[in-house]
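Data block below; observations after.
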Amino acid sequence: MLNRRGYWMILVAIFFAVLAGWSQQPVVLKLAELVSEIFVRLLKLISLPMISLSLLATISSVGENSLSQLGKRIVTYTILTTAIAASIALILYEIIKPVLLVTSETVQATTSNISYFDELLKVIPSNLLQPFLEGNVVSIMLLSLLIGFGVAKLPNEQRLPIHQLLQSLFQMMMQITRWIVGLMPIAIWGFMTSFVIEVTQGLSYTKLGWYLTTILSANLIQAIVILPLFLWWHGISPKQAFIKMLPALSFAFFSKSSTAAMPTAIDCAEREMNVDSKVARFSFPLCTSINMNACAAFILITVLFIAQSQGMAFSLTDKLTWIVIATVAAIGNAGVPMGCFFIASALLSTMNLPLTLMGVILPFYALLDMLESAINIWSDSCVTLAVNQKTVAVESEKVLA
């Protein structure tokens with residue numbers, strides 16, 4: 001969403017933020033706090049509706065007729081690979097432990113005296129508006145999933161008008177998002193100014209490097225270990241699949257868009273891998289909407305990194321729950337510009353955590369986005385190839401029978 005001029009503006013904002021932070025001028029620091037708070041409020045304004053509408057628009061686009069055996073296989077493989085990506089991210093996070101401590105009076109770092117039964121009840125809304133008024137992201141996801149699957153079960157003549165309405169609302173929120181992204185350089189100046197102050201007070205900046213290392217490692221393990229094993233399990237050569245799909249992967253990497261790379265991926269799958277056109281042309285659009293392996297890793301690692309850096313503690317149960325949350329959030333990230341970033345911000349804001357570090361992460365996110373887009377289209381390709389292999393096997397059994 002940011003053009004070349006936007007990236008230069010971000011670099012300029014970082015430069016002036018460093019000067020402002022080191023100057024320690026009270027007026028400048030107060031202005032930075034004001035800018036940061038305004039942007040945090042804007043993030044809260046758009047994040048929750050974006051999460052809900054992206055889930056609703058994605059699920060409602062799939063009618064009951066499309067929820068066939070083919071569709072069920074795609075959804076099953078998508079959930080499986082995305083959950084594995086989130087699990088790998090959690091394991092690496094626990095090994096590397098990229099936590100830095102940020103002093104903040106707004107964080108209450110305790111998990112004691114928490115009733116998990118009470119927390120479970122909070123997830124179940126008693127009315128449609130309650131999750132949005134309380135900012136409960138998990139509850140919003142649950143509500144959106146229920147409504148979305150309800151819409152998907154309707155006949156086409158009833159489903160399509162609802163889907164068009166949801167899609168229009170989603171596009172409206174995307175336009176608002178573009179306007180807010182246009183303010184990114186100003187917001188980054190505010191966040192970075194506050195962060196430089198933390199650095200001058202003894203904050204370990206190297207820990208941010210370990211955070212980025214954790215995300216990159218999780219994504220690379222998913223791409224070069226897990227997904228090839230997934231293909232091998234289905235009797236497909238990972239090396240051959242990678243070579244044949246390389247044009248689509250390269251396109252996704254440089255365009256930073258798995259959606260833009262989808263036509264190339266379909267063409268490579270059909271011509272080079274001999275995938276049935278019915279499978280390829282159904283699987284890739286659906287996978288591009290719901291199969292976001294790299295996004296799951298980013299959400300889980302980012303939320304835990306920032307939360308624990310602010311002193312918040314998580315039990316083992318909490319961390320395992322975050323695998324589920326990150327998986328659902330990634331699936332609902334269909335076509336959202338900077339979706340991973342906004343969803344992670346929404347989750348953090350509902351936990352009453354400051355988003356200063358999100359502003360610091362943002363300049364690096366542009367680079368992460370390139371790798372994540374390529375991994376997402378690689379995952380889409382693996383799922384499509386596996387589904388095609390399974391479909392061919394089932395049809396062969398029917399012929400023999």
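The values are calculated or read from the model by the stated rules, or taken from the named source; none is laboratory data. Since the model is a prediction, treat every value here as computed from it, not as a measurement. Heads up, the Cβs are rebuilt from the backbone with ideal geometry, glycines too, and the neighbour counts pull from every protein chain shown.
For the reader, a short list of remarks on this structure follows.
- Members of the stretch 111-140 that are at pLDDT 75 or above and either more than 22 Å from the chain's Cα centre (by Cα) or within 19 Å of TRP322 (Cβ to Cβ) (or both): ILE124, PRO125, SER126, ASN127, LEU128, LEU129, GLN130, PRO131, LEU133, SER139, ILE140
- Cβ separations smaller than 7 Å between residues 6+ apart or across chains give the following pairs from the stretch 207-227 residues that are in a helix (DSSP H, G or I) to residues that are among the acidic types (Asp, Glu): ASN219/GLU372.
- Which numbered condition TRP189 fails, given (1) at pLDDT below 75; (2) among the hydrophobic types (A, V, I, L, M, F, W, C); (3) within 23 Å of PHE16 (Cβ to Cβ): (1)
- Sub-6 Å Cβ pairs linking a first residue in the stretch 343-360 that is within 23 Å of SER52 (Cα to Cα) to a second residue that is part of a loop (DSSP other than H, G, I, E, B) and at pLDDT 75 or above, at least 6 apart or interchain, are LEU353/GLN310, ordered by first then second residue.
- Top-ranked residue in the stretch 163-181 [being among the aliphatic types (A, V, I, L, M) and surrounded by fewer than 16 Cβ atoms within 10 Å (Cβ to Cβ); ranked as modelled with the highest pLDDT]: LEU165
- Among all positions in the stretch 5-13, there is at least one residue which is at pLDDT 75 or above and either out of contact with any Lys or Arg (no Cβ under 7 Å at 6 or more places or on another chain) or part of a helix (DSSP H, G or I) (or both).
- Condition check for SER379: in contact with a Cys (Cβ under 8 Å, 6 or more places away or on another chain), of a type in the set (Gly, Ala, Ser) and within 23 Å of GLY71 (Cα to Cα): yes
- Out of PHE284, PHE242, PHE298, PHE230, sole residue that is within 26 Å of ILE59 (Cα to Cα), over 21 Å from the mean Cα position of the chain (by Cα) and in a helix (DSSP H, G or I): PHE230
- Matching option when the condition is at pLDDT 75 or above, of a type in the set (Val, Ile, Thr) and more than 30 Å from VAL99 (Cα to Cα), among ILE243, ILE215: ILE243
- Count of the stretch 303-322 residues which are in a helix (DSSP H, G or I) and surrounded by fewer than 20 Cβ atoms within 10 Å (Cβ to Cβ): 7
- Just one of the numbered conditions (1) of a type outside the set (D, E, K, R); (2) surrounded by fewer than 18 Cβ atoms within 10 Å (Cβ to Cβ); (3) at pLDDT below 85 is not true of LEU143: (2).
- Within the set ALA334, ALA393, the sole residue that is surrounded by fewer than 24 Cβ atoms within 10 Å (Cβ to Cβ), of a type in the set (A, V, I, L, M, F, W, C), at pLDDT below 80 and assigned to a loop (DSSP other than H, G, I, E, B) turns out to be ALA334.
- Test: THR81 is of a type in the set (Val, Ile, Thr), more than 23 Å from LEU48 (Cα to Cα) and modelled with pLDDT of 55 or more: yes
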